[in-house]
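The values are calculated or read from the model by the stated rules, or taken from the named source; none is laboratory data. As the structure is a prediction and not an experimental result, all values here were calculated from the model. Every residue, glycine as well, gets a Cβ built from its backbone with ideal geometry; the counts of neighbours run over all protein chains shown. Areas reflect the complete protein model, heavy atoms only, side chains present, ligands, DNA and RNA absent. Shrake-Rupley method; radii C 1.70, N 1.55, O 1.52, S 1.80 Å.
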Amino acid sequence: EAGVAQSPRYKIIEKRQSVAFWCNPISGHATLYWYQQILGQGPKLLIQFQNNGVVDDSQLPKDRFSAERLKGVDSTLKIQPAKLEDSAVYLCASSLLRTRQETQYFGPGTRLLVL
Amino acid sequence: AQKVTQAQTEISVVEKEDVTLDCVYETRDTTYYLFWYKQPPSGELVFLIRRNSFDEQNEISGRYSWNFQKSTSSFNFTITASQVVDSAVYFCALSHNAGNMLTFGGGTRLMVKP
């Protein structure tokens, strides 16, 4: 079974530029998550989708971050404009369902450096 | 508020030593799930174990074992006879509501030297 796919793996941009990350979850997984992991810290949830609807985006900085999952499969996370503090690894995860006992499976992440 | 604390930020051991990684959590929920993930240098979080709040039995999987103690809100992870390949950052996480929101600890970096 294929795991969670993410691209690109690395991205370097200058502040105030925009960037987008792509995620393809495990086939059949209804729930998709985006996390931000700053160096030396644990991942922090940004947004959670159930199929193509947003379940929770309370931690998403909506003035600059946006995310969508239009067809309930792939998802895109965008940052516009980027700030220096956005330098982090952006992890995508998926789970079969949204219930608390479901294990989340993570992709390899996109490492973003904002200069 | 939900919180996960991994007090050990970095541990260094020599190969074949046993090592225990500590995890302490806080939650008001009566039903919750605890997880451990491994993050090797490649960056991907690898799922290791899931434990629910009603099951306090210890679990062993090969060289890995987990000790869940509800009375002390701890879910500790022991690696027996550590190997260099165990070098990674290990995260403890808590799933604390019906929506499967994960709260992660800060992680423990384990370095196993040959």
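Tabulated results
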{"quantity": "Matching entry among A:Val73, A:Val114, A:Val89 (being modelled with pLDDT under 95 and under 24 Å from A:Tyr10 (Cα atoms))", "calculated": "A:Val73"}
{"quantity": "Out of A:Leu96, A:Leu112, sole residue that is crowded, with 17+ Cβ neighbours inside 10 Å and in contact with an Asp or Glu (Cβ under 7 Å, 6 or more places away or on another chain)", "calculated": "A:Leu112"}
{"quantity": "Any strands (runs of 3 or more DSSP E) falling wholly within the stretch A:52-115 and containing at least 2 residues that are within 13 Å of chain B (Cβ to nearest Cβ)", "calculated": "A:53-56, A:88-95, A:110-114"}
{"quantity": "Test: residue in the stretch A:26-35 that is away from every other protein chain (no Cβ under 14 Å) and part of a strand (DSSP E or B)", "calculated": "no"}
{"quantity": "Residues that are closer than 26 Å to B:Thr27 by Cα and open to solvent by 40 Å² or more (accessible area, probe 1.4 Å), drawn from the stretch B:75-105", "calculated": "B:Asn97, B:Ala98"}
{"quantity": "Selection within the stretch B:55-104 - of a type in the set (A, V, I, L, M) and either more than 14 Å from the chain's Cα centre (by Cα) or within 14 Å of chain A (Cβ to nearest Cβ) (or both)", "calculated": "B:Ala81, B:Val84, B:Val85, B:Ala88, B:Val89, B:Ala93, B:Leu94, B:Ala98, B:Met101, B:Leu102"}
{"quantity": "Flag for A:Ile13 being open to solvent by less than 70 Å² (accessible area, probe 1.4 Å), within 12 Å of chain B (Cβ to nearest Cβ) and more than 11 Å from the chain's Cα centre (by Cα)", "calculated": "no"}
{"quantity": "Every residue from the stretch B:40-49 that is open to solvent by less than 30 Å² (accessible area, probe 1.4 Å) and either among the hydrophobic types (A, V, I, L, M, F, W, C) or more than 9 Å from chain A (Cβ to nearest Cβ) (or both)", "calculated": "B:Leu45, B:Ile49"}
{"quantity": "Residues being open to solvent by less than 40 Å² (accessible area, probe 1.4 Å) and in a loop (DSSP other than H, G, I, E, B) - total across the stretch B:14-30", "calculated": "2"}
{"quantity": "Where B:Gly107 falls short, out of the listed (1) at negative phi; (2) under 15 Å from the mean Cα position of the chain (by Cα)", "calculated": "(1)"}
{"quantity": "Check on A:Thr76, among the β-branched types (Val, Ile, Thr) and within 26 Å of B:Leu34 (Cα to Cα)", "calculated": "no"}
